[in-house]
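Just so it is clear, none of the values below were taken in a lab; they were calculated from the coordinates. From a predicted model like this one, the values you see are computed outputs, not experimental measurements. No Cβ is skipped: glycine too gets one built from the backbone with ideal geometry, and neighbour counts run over all protein chains shown.
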Amino acid sequence: MVQISGGRIRRLREELELTQLYLATSVGVTTETISRWERTQAPTIKKENWLRLAKALEVAPDEILAPGPEDVHGANGPAADLPALDQPVKAEAAAVSPGLGFWQRVWPWAGLGALIMLVLLFWLVRSYLLGLAPLQVEAWRIMPAHTGAGQIFPVVIRVAADQNSSSSLLVREELPPGCVLVASQPRALEAGTGQLKWLGREGEVMRVVYLARCEPGAGDQALASFSGSVLLRRDGSHERTIQGLARIEIAPYHWADQDRNHQISDEEVLAVYDDFGGAEVLGLDVEWIEEMWLGSGYRWLPEQQTFEILP
């Protein structure tokens, strides 16, 4: 395990104009993990993630390590590399003599003032251009590819805006006919049948978790389609479509059984915790999934419209 500099990671990513989603894909982690690394001063990560992260940021691995005490104060203590307090005064006194002309004494200070003005002008222009640049917003939906008829399944929506702002944003989600909301965190504002809305703030990583259920024969379709968008106040009427999975198949398999072999594998139970962590507070029966994982498998009972765990 190694400690990296969260602030340096964020600065390098922004200089390369990379999104957190791109960086997460390159390293093999989630965007929420990248966001947590950048917010933490010195997060500890696996060595292989450290090497992949450095490669994605196009720097040597040592350049993203968290600084140690010797990097801040020097090898011999805080004052080892500091000049004596009287050195600048003596140097200035030696440089300025009665024989020097007025402009010879003034030009170094004039040059310093001009340099400061150039730096201020650079930051003003940079701030103006950033204000004109389009907002970088990522909205992603994570949901199972299938579910049993009438069974509760989780959905996660992640929204992240790179620029800090005090403006608001609105997340909209349209459930397919025959599918209903069971629970949501944060609480959803229901504008009508199957129409859900959540309010958030720009510049924050927003995570919406909700549970849904599609009734047997919902719309007489094998596939139920979801649709959603994000509306930012500073973006006017332009909406950003939520990316990721948008359709779920009604099939006689548990939603956690990704490969549909009537068994919950180790990797599949880990995916439940990684992708849908926190959904248990809404009533998702994670313990029942663990029992299914520890058993020899499960089967679908069509008459009862439920699953049975095999011993």
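A few notes on this one:
- Residue-span extension gain [Leu170 to Thr241] - 0.36 nm each, minus C-alpha spacing: 24.4 nm
- Radius of gyration and Dmax over the Cα atoms of the range 137-310, both given in Å: 16.9, 54
- Sorting Asp257, Asp62 by the number of Cβ atoms found within 10 Å of their own Cβ, with the fewest placed first, yields Asp62, Asp257.
- Using a simple spin-label model with pseudo-atoms 7 Å out from Cα toward Cβ, Leu120 and Asp274 lie 5.1 nm apart.
- The range 2-69: C-alpha gyration tensor shape, a/c 1.5 cut-off, then a/b vs b/c: rounded
- Val2-Trp140 FRET efficiency (beta carbon distance; Förster radius 22 Å; 0.05 resolution): 0.20
- Sequence-separation-based contact order of the range 1-64, relative, with Cα cut under 8 Å and 6+ spacing, percent: 47 percent
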